[in-house]
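The values are calculated or read from the model by the stated rules, or taken from the named source; none is laboratory data. Owing to the predicted nature of the structure, the values given are computational and were not obtained by experimental measurement. Cβ placement follows ideal geometry from the backbone for every residue including glycine, while neighbour counts extend to all protein chains displayed.
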Amino acid sequence: MKFLIAFLFVWSGLQAFAQDVFPLKIRDFSEKYEALISQTEKDTLIKGSYEDVVPQYLIQIFDKASQKVVLEAYTADFPEYLLDENKEAIPNIKELPYGSQSVLMYEDYNFDGIKDFALMNGNGSCYGGPSFDIYLAKGGGFKYSDAFSALSNEYCGMFQVDEKTKTIYTMTKSGCCWHQFSEFKVVNNEPKPVKVTEEAYQGYTNFLEITEITYNGDKENRTVTLYFPMEEISSRILLSFELEKNGKRAILYETDQELHYAFIQKDESVEFHFPGDAENTGFVYDRNDRTLMFTNKSAQYQVYETDKTVGIKVTTNGKNYEMRGVKKTAIGSLNKLGNIEWQNVVYKTK
C-alpha cells in the first residue's frame, strides 16, 4: 500500500510537470530560428534509420519571420534537468565525452560556413548515451544526413568539431580496456576517416597496445606499438634498471604469479618481451650466482646482479654480448625471486 501511494505521488508529479511545462521553448540559439518541444501522441510510431521507435517528444524548428516549420524531428528522451529558471530548454551544451548534452545543438558540421542542427533522438549511442540525428543546411532548409548521424549513433554521444582545423573527432569504447579515437575530414560533404587510434590493454602481458590507422585516399596504413604501463604496474616490478649505452630499461615484473621480462625504450615502448608467443615460457634462477636465465628461439639471456653491478648477457649465433646496466638506476633486486615460488621459474642451487 505504501509503495502504491508513493508511485501515485511520483506519477502525479510527473504528470503535473508535463502539463505545466510542455510545450516548452528551446532558449534562443539563433537570430533566424526558434524551437519548441512538445509531447507526442501515445501511438506515434517513427520508422528511423537505426530502429523504429515510439517517441515521447516532438522537436519543431520554426522560421522566426514566417513562423513556418522548417524542420521536425522526434526524440525518445528529453533531459529535463537542462531547463533554466524560466523552464526553457538550454541548447548547445556539449560536455564530452560523457557529460551533459542538450537536446538541440546548432553549429556548422560540414564546414560550409552555415550552421546545421543536431537533434537528440534518444539514448542510442554507446552505454545508453545520448544519440543525435544531424540535419545539414541545404537550399534554405535542412536535410537529414546518414553519414553525419552515424558519427553520433555509432560512437559515444555527440562528436567534437574543430572549426580551425576543420576536423571532427569521435570516441567509442568497450569495457575498461578498449578505446577508439577517430578523426574525420569532410570530403564531398561527407565525413571521411583520416586517422583512427585504438588503445587496448593486453591481459597476459599488461601492455598497452596502440594501433594507429591512417588513410590517404583509399590507401590504409596500420602500425601497432606496445607500451609498458609503468605507473599501473610499478608495484609489481621485481627488478628494473637502465643500460649504460642507450638509456633503455630492462624490467622484471610479476602478473598472476608468473614472471615476465620486458625491454623498453625511453618512450616506454616495448622493444622485446618474454615470454612471447609460441616459445619457451620458463625462467631459471640461480640463487647462488644471483642470475636469471631464459631462452627464446634466437638467443639465451642472463640477467645478473651483484652488490655493485647489474646487467644482461646475451648469447646468439655463437657470440656473446654484454649489456651493462647503471647500478644507481636499479629498482628492486633479484633477491625478491627467492621469496615466492613463481609458476614459471625453476630454482637452481649448487
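Which members of the range 203-217 meet the condition of being surrounded by 13 or more Cβ atoms within 10 Å (Cβ to Cβ) and either among the acidic types (Asp, Glu) or closer than 25 Å to Glu232 by Cα (or both)?
Thr205, Asn206, Phe207, Leu208, Glu209, Ile210, Thr211, Glu212
Find the residue count for the range 289-319, including only residues that are touching a strand residue (DSSP E or B) at 6+ places or on another chain (Cβ under 8 Å) and part of a loop (DSSP other than H, G, I, E, B).
Going through the range 289-319 one residue at a time, the tally reaches 6.
Output the residues belonging to the range 155-168 that are closer than 15 Å to Leu119 by Cα and charged (D, E, K, R).
Listed by number, the list is empty, since nothing qualifies.
Kindly establish whether Tyr285 is more than 19 Å from Asn206 (Cβ to Cβ) and either touching a Phe, Trp or Tyr at 6+ places or on another chain (Cβ under 7 Å) or of a type in the set (S, T, N, Q) (or both).
Taking the combined requirement at face value, the residue satisfies it.
Identify the single condition in (1) of a type outside the set (D, E, K, R); (2) surrounded by fewer than 12 Cβ atoms within 10 Å (Cβ to Cβ); (3) at pLDDT 55 or above that Val10 does not satisfy, given that it satisfies every other one.
Only one criterion in (1) of a type outside the set (D, E, K, R); (2) surrounded by fewer than 12 Cβ atoms within 10 Å (Cβ to Cβ); (3) at pLDDT 55 or above is unmet by Val10, namely (3).
Condition check: surrounded by fewer than 17 Cβ atoms within 10 Å (Cβ to Cβ), charged (D, E, K, R) and at pLDDT 95 or above. Does Glu190 satisfy that?
For Glu190, the condition - surrounded by fewer than 17 Cβ atoms within 10 Å (Cβ to Cβ), charged (D, E, K, R) and at pLDDT 95 or above - is met.
Of all strands (runs of 3 or more DSSP E) completely enclosed by the range 205-288, which ones contain at least 1 residues that are over 30 Å from Val194 (Cβ atoms) and either over 21 Å from the mean Cα position of the chain (by Cα) or touching a residue at least 60 places away in the same chain (Cβ under 8 Å) (or both)?
The strands (runs of 3 or more DSSP E) meeting that bar are 237-242, 249-255, 258-264, 270-274, 283-286.
How about the range 79-89: which of its residues are touching a strand residue (DSSP E or B) at 6+ places or on another chain (Cβ under 7 Å) and within 19 Å of Ser152 (Cβ to Cβ)?
Scanning the range 79-89 gives Leu82, Ala89.
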